[in-house]
Amino acid sequence: MATVIIPAVLRPVTGGVTKVDAAGSNVREVIDDLVRQYGGLRDRVIDENGVRPEVFIAVSGHEVFDLATAVAPDAEVNILPAIAGG
Amino acid sequence: MVMADKPQYRVIGTRPLRPDAIDKVTGRAQYGADTRQSGMLRGYVLRSPHAHANIRSIDTSKALAYPGVKAVITAADFCLPGQTVADLPDLTTNILAGSKVYYHGQAVAAVAAISDEVAREAARLIDVDYEVLQPVLDVREAMLPGAPVLHEAMRTRTPEGPGAEPSNIVAHAVVVFGDPEAALADCDVVVEGDFSTRMVHQGYIEPQAATAMWNPDGQVTIWTAHQGSFPARQATATILNHPSSKIKVVLTEIGGGFGGKIAVYLEPVAAMLSKKTGHPVKLQMDRVDVFEGTGPTPGTSIRAKLGATKDGNFKVYMADMAYENGAYAGTAANYATMVATACYDIEHVRLDGYDVVVNKPRTQDYRAPSSPAAAFAMEQLVDQMAEKLNMDPEKLRLQNSSREGTRGSMGMPFARIGHEEIVQAALDSDHYNSPLEGPNRGRGTASGYWFNVGLRSSVNVTVQPDGTVALSVGSTDLSGTRTSLAMQLAETIGVDFEDVKAAVVDTDSVGYNDVTAGSRVTFGTGMATYEAGKNLIAAMKERLATTWNVPADDIQFEAGKFSSPDGSKSGTFKEIAQLVVGRGPGLTVSGSVNAGFLQGGGFAHHIVDVEVDPDTGKVQILRYTAIQDVGTAIHPAYVEGQLQGGAVQGIGWALNEEYFYDDNGRMLNSSFLDYRMPTTLDVPMIDTILVEVPNPLHPYGVRGVGEPPIVPPLAAIANAVAHATGVRQYQLPMSPRRILQTTGKIEE
Amino acid sequence: MSKHHVITRINGEQVEFLTDPGTSLLSALRDQLGLTGSKEGCNNGNCGACNVVLNGELVNSCCVLAVEINGAELTTIEGVADGDNLHPLQQSFINDAALQCGICTPGFIVAAKALLEREPDADEARIRHWLAGNLCRCTGYDKIVQAVLDAAPEMRAAARA
């Protein structure tokens with residue numbers, strides 16, 4: 001199981017839960033399992049076209065763009081809000 | 001200071017003269033307000049005199065009848081069929097108010113006329129019927145039950161779901177790592193403070209200006225000084241309900257931005273006025289409009305505590321951080337939770353971020369948004385901790401420093417970063433090792449962080465028949481990025497800097513570019529430029545394969561030279577370009593990247609010496625050194641300039657700058673005389689130390705350098721003042737009045 | 001409102017124009033005469049971006065009425081270079097990377113030229129005092145002050161020649 005770290009902006013959907021264990025061999029499967037556990041996250045992290053523009057996803061510290069990217073069983077998946085700065 | 005493993009470059013790291021400089025030193029460069037179009041009308045925007053009021057009605061008939069007036073518009077002109085102004089989204093009502101005004105200076109109506117003077121005169125005849133409401137101006141007061149509510153529909157977003165009652169608290173973000181409550185009880189030493197900072201403005205010298213032409217076929221052209229042509233196009237398209245592909249945004253030169261020119265204010269208004277009149281319409285703000293009607297950066301209230309072992313190991317950081325969002329919902333406090341603890345490896349963290357609306361302008365980013373105030377708290381607590389433990393604060397920082405693999409406040413491990421290196425550089429510096437003597441003097445240090453972003457960029461490269469290349473960029477050039485990008489292209493394709501001509505082009509002429517912000521252009525657009533350079537070399541090999549009659553894959557390109565497999569034929573880029581383009585068809589390639597969200601983080605560390613006049617309370621900056629991990633300095637002089645400029649903006653924020661309001665929420669100091677930015681007299685030369693820890697996420701090791709240098713000054717100066725006076729400073733700005741109050745010379 | 005007829009010399013050339021009595025010199029330069037090198041940063045004399053030299057005196061053109069320049073001699077940023085030859089201050093601003101966005105640059109160059117022409121030996125403290133009426137938000141002033149210091153020797157040499 002990978003551990004998914006839920007960002008503050010999405011924690012209202014998880015009832016404040018910060019870390020969620022989710023199963024899957026790639027990013028899409030892991031997020032799909034996350035959505036199975038918290039239906040409110042549907043279309044908040046990924047949609048049919050890929051990663052939502054308002055978030056980004058990192059696996060073991062590396063940002064991923066391709067949802068087919070492999071996720072190791074003990075990996076940590078970070079979902080983070082995408083913001084820029086001045 | 002250069003790390004030993006830095007590669008040798010031919011162009012990168014040199015200091016060529018910037019190509020746009022001659023236009024800028026001769027007055028020829030065209031900025032936002034310099035736009036002239038045939039038949040152009042001038043516009044004027046009427047603004048609210050009240051901080052909080054319902055708009056009962058707006059009567060524009062007298063203004064419309066004024067000689068020379070061509071059109072008068074209000075938010076009603078932006079409604080779709082069946083919509084009322086109460087239905088309009090925040091994006092629209094912030095450029096022309098709907099059923100309510102939320103801040104003094106909010107735009108209410110706009111006039112287009114034959115001259116600026118006529119437009120101003122006519123605007124006075126617009127009759128707005130206001131029902132004045134009680135404003136709320138203080139971030140903590142706005143959070144209290146019973147405070148005047150700005151938005152009846154607003155419910156606080158919390159980890160437990162939305163709140164039940166209307167509230168000014170937009171969101172309550174919670175970040176927890178470890179078990180902070182339990183760990184706090186185990187700490188040997190705990191220091192805490194209740195810190196506050198005031199709303200400040202980016203202070204760009206060029207007021208916003210935009211000109212629009214709406215053609216009868218629906219094609220719209222907008223000339224503007226904006227930080228992002230593509231985001232400006234999208235926001236304008238949304239507000240106008242007009243296809244973005246029918247809007248072309250042409251960037252003029254831009255007279256500073258610092259995050260303050262990311263939002264649109266004038267562009268959709270000018271476009272609507274042009275649609276109504278059939279003429280190009282120019283709108284420009286004056287300085288009062290800029291202070292009162294654009295987006296400054298939030299005032300804050302931060303209650304924080306830092307716990308450590310007696311050996312100086314940081315164990316716990318807890319902070320309750322309330323950030324003003326101004327009139328509309330924002331995410332400033334959420335940003336703060338992402339940066340607050342980045343400099344240190346702390347196991348147990350609890351951060352509560354409150355985004356709060358108040359009756360002030362809708363806030364915007366300002367260079368490393370939210371980070372300076374967060375560091376004002378954290379870095380003073382680090383200094384207090386060092387005092388309690390009787391340790392050198394720099395050694396304490398080094399001992400607890402984040403490094404590769406440390407989880408920052410985002411919970412994600414850092415790639416290779418240089419915070420340790422810059423604190424060590426401070427310890428080794430001449431400044432830190434020079435004694436500071438004399439009464440009323442003190443030295444302070446502080447660190448700062450901004451995560452820096454990559455995002456999406458595209459460039460085009462065209463090969464000219466003479467073998468030089470033209471680089472077309474879609475990212476706003478705020479401070480010299482045409483130069484830093486041209487240098488990266490010259491490095492990639494092996495030509496001289498002088499053989500690359502870079503220009504910023506309009507939204508029809510290059511692929512999508514995200515906003516120029518987050519210190520991303522030299523990094524992200526730099527990656528697109530590198531990509532274009534690689535694509536160009538490949539395209540040249542294809543052309544050369546035909547000419548040389550060898551397979552393209554067998555052609556070598558090394559050290560700026562193409563050569564055939566057997567070495568019998570070769571030529572420099574320029575020679576080959578003259579051959580395959582000079583005698584063949586034209587050649588344009590592009591480079592497009594999503595450079596990712598995070599760059600890997602930028603860290604700054606500053607040292608400052610001050611002298612505090614005990615009678616007047618004036619804080620004089622005696623000496624200042626800005627140290628930063630800059631990855632690879634593409635053009636070191638411009639990198640130094642970023643560090644110096646950011647430091648001086650931070651000095652202004654620390655010592656003098658603040659928005660003053662009366663009890664009715666009217667801003668009292670909306671001029672450069674009363675809003676006191678640093679002048680040449682207020683600062684010494686700013687020494688810089690560039691530490692180069694190449695960024696593994698960029699082909700040339702680039703890190704964004706623009707934002708981190710504004711983060712440390714607030715806390716560094718506060719620490720210096722504390723050492724000079726023996727009195728800790730919890731509130732900004734540390735103006736003469738504030739210093740005299742806190743040192744007991746005058747009453748609060 | 002009747003217009004006033006103004007005859008003046010701007011950057012060595014005779015110029016005639018009509019203006020309303022309330023029009024500022026800055027507006028006349030920018031909107032009527034097409035000289036947009038003088039910039040509007042504040043329109044009340046606090047930022048120096050509109051600096052010009054009027055009869056040998058450095059002024060903020062936003063605080064001078066256009067009618068006041070009748071019969072006067074005016075130099076704007078457009079008149080600082082001698083044809084293709086940049087003024088030493090213009091060259092030193094480029095060499096020293098003393099500009100970022102560049103909006104304040106015309107004002108700084110006009111102001112610094114006015115200083116060095118009367119005080120060619122101005123030191124850093126004097127330069128900082130003189131330029132305190134010009135705001136820059138990008139550079140932190142370091143490289144601007146350095147550029148003025150670096151241009152001074154060439155201006156001294158030119159003055160002696």
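The values are calculated or read from the model by the stated rules, or taken from the named source; none is laboratory data. Source: prediction; values computed, not measured. Note: ideal-geometry Cβ built from the backbone for every residue, glycine included; neighbour counts use all protein chains shown. Protein only, heavy atoms only, side chains kept; ligands, DNA and RNA dropped before computing areas. Shrake-Rupley method; radii C 1.70, N 1.55, O 1.52, S 1.80 Å.
Computed from the alpha carbon positions, the gyration tensor of the stretch B:381-445 leads to an equivalent ellipsoid with semi-axes of 27, 15, 9 Å, biggest first.
The value obtained for the stretch B:589-748, namely the Cα convex hull volume divided by the number of residues, is 171 Å³ per residue.
With a cut-off of 12 Å between beta carbons, the residues surrounding B:D609 carry a summed charge of 0, where Lys and Arg count +1 and Asp and Glu -1.
Placing unit charges on the Cβ atoms only, positive for Lys and Arg and negative for Asp and Glu, gives chain B a dipole magnitude near 1640 debye about its Cα centre.
How fast does the protein assembly as shown diffuse by Stokes-Einstein, in µm²/s, taking the Kirkwood radius from C-alpha pairs at 25 °C and 0.890 mPa s? Walk me through the intermediate numbers first.
Numbers: Rh = 29.5 Å.
The estimated diffusion coefficient comes to 83 µm²/s.
Each Lys and Arg adds +1 at its Cβ and each Asp and Glu adds -1 at its Cβ; summed about the Cα centre, the stretch C:88-160 shows a dipole of about 180 debye. Amide H contacts under 5 Å for C:C101: none, restricted to partners 5 or more places along the chain or on a different chain, H placed in the peptide plane at 1.01 Å from N.
Descending by average beta-carbon neighbour count within 10 Å, the peptides B:362-373, B:287-298, C:83-94 line up as B:362-373, B:287-298, C:83-94, the highest first.
Peptides C:96-109, B:306-319 ranked from most to least packed, by the mean per-residue count of other Cβ atoms within 10 Å: C:96-109, B:306-319.
How big is the convex hull of the Cα atoms of the stretch B:324-467, per residue, in Å³? Present the calculation step by step, with values, prior to reporting the outcome.
Details: hull volume 34.9 nm³, N = 144.
About 243 Å³ per residue, rounded to a whole number.
Straight-line cross-link reach from B:K275 at under 17 Å between alpha-carbon atoms covers these aspartates and glutamates, not counting any fewer than eight positions away in the same chain: B:D77, B:D217, B:E267.
In the stretch A:2-81, what percent of the accessible surface is made up of carbon and sulfur (1.4 Å probe, ligands and nucleic acids excluded)? Present the calculation step by step, with values, prior to reporting the outcome.
Values: 1690 of 3570 Å².
The value for the stretch A:2-81 is 47 percent carbon and sulfur by accessible area.
Shielding of peptide A:59-68 by partners, expressed as the average count of other chain Cβ atoms within 10 Å per residue Cβ, is 3. Tally Lys and Arg at +1 and Asp and Glu at -1 over the other residues with C-beta under 15 Å from the C-beta of C:E13: what net charge comes out? With Lys, Arg at +1 and Asp, Glu at -1, the neighbours total -3. Per-residue packing, averaged as other Cβ atoms within 10 Å, sorts the ranges A:63-73, C:138-148 into the order C:138-148, A:63-73, beginning with the highest.
What separates the Cα centres of the stretch B:527-596 and the stretch B:118-175 is a distance of 59 Å. Per-residue accessible area (protein heavy atoms, 1.4 Å probe) orders B:R303, A:R52 as B:R303, A:R52, starting from the largest. Full extension of the segment from B:Q464 to B:V132, taken as 0.36 nm per residue of separation minus the current Cα-Cα distance, would add 113.2 nm. Interface residues of the stretch C:115-136, defined as those losing at least 30 Å² of solvent-accessible heavy-atom surface relative to the isolated chain (probe radius 1.4 Å), are listed as C:R128, C:A132, C:L135. When nucleic acids and ligands are ignored and a 1.4 Å probe is applied, B:Y335 ends up with an accessible area of around 20 Å². Ligands, DNA and RNA excluded, the heavy atoms of A:E76 present near 40 Å² of accessible surface to a 1.4 Å solvent probe. The B-C contact accounts for roughly 4100 square angstrom of buried accessible surface, both chains included, probe 1.4 angstrom.
Less than 15 Å Cβ to Cβ from B:P551, Lys/Arg counted +1 and Asp/Glu -1: what total charge do the surrounding residues give? Kindly include the intermediate steps, with their values, before the conclusion.
Working: positive: B:K541, B:R543, B:K569; negative: B:E542, B:D553, B:D554, B:D566.
Net local charge, B:P551 excluded: -1.
Here the stretch A:2-81 yields Rg over Rh of 0.90, to two decimals, using C-alpha coordinates and the Kirkwood radius.
Given an 8 Å cut-off on Cα distances and at least 6 residues of separation, report the relative contact order of chain B as a percent. Walk me through the numbers before you get to the answer.
Values: 1922 pairs, mean separation 114.0, N = 748.
Over chain B, the number comes to 15 percent.
Please report the relative contact order for the stretch C:89-138, taking Cα pairs under 8 Å with a sequence separation of at least 6, and give it as a percent rounded to a whole number. Please report the intermediate quantities before stating the final value.
Details: 24 pairs, mean separation 20.8, N = 50.
Computed value for the stretch C:89-138: 42 percent relative contact order.
How large is the dipole of the stretch C:4-79 about the Cα centre if only Lys and Arg carry +1 and Asp and Glu carry -1, each at its Cβ, rounded to the nearest 20 debye? Write out the running numbers ahead of the final one.
Details: 3 positive and 9 negative charges, 29 e Å.
Approximately 140 debye in magnitude.
With 32 Å as the limit, the listed pairs B:K360/C:K39; B:K395/B:K618; B:K6/C:K39; B:K24/B:K360 have B:K6/C:K39; B:K24/B:K360 beyond it between alpha carbons. In the full protein context, the stretch C:88-160 carries 32 Å² of accessible surface per residue, based on a 1.4 Å probe and ignoring ligands, DNA and RNA. Relative contact order of the stretch A:2-81, taken over Cα pairs closer than 8 Å and 6 or more residues apart, is 39 percent.
For the residues of B:252-259, the average number of beta carbons from a partner chain within 10 Å of their own beta carbon is 5.
Whole number in Å², please: accessible area per residue of the stretch B:71-115, 1.4 Å probe, ligands, DNA and RNA not counted. Walk me through the numbers on the way to the answer.
On the way: 1400 Å² over 45 residues.
For the stretch B:71-115, the per-residue accessible area is 31 Å².
With the whole protein complex present, B:C343 retains an accessible surface near 10 Å², based on a 1.4 Å probe.
With the alpha-carbon atoms of chain B aligned to their principal axes, the span from lowest to highest coordinate is 85, 75, 51 Å, starting with the largest.
Per residue of B:638-649, other chain Cβ atoms within 10 Å of the residue Cβ number 5 on average. Measuring nothing but alpha carbons in the stretch C:1-83 and taking Rh as the Kirkwood radius, the Rg to Rh ratio lands at 0.93.
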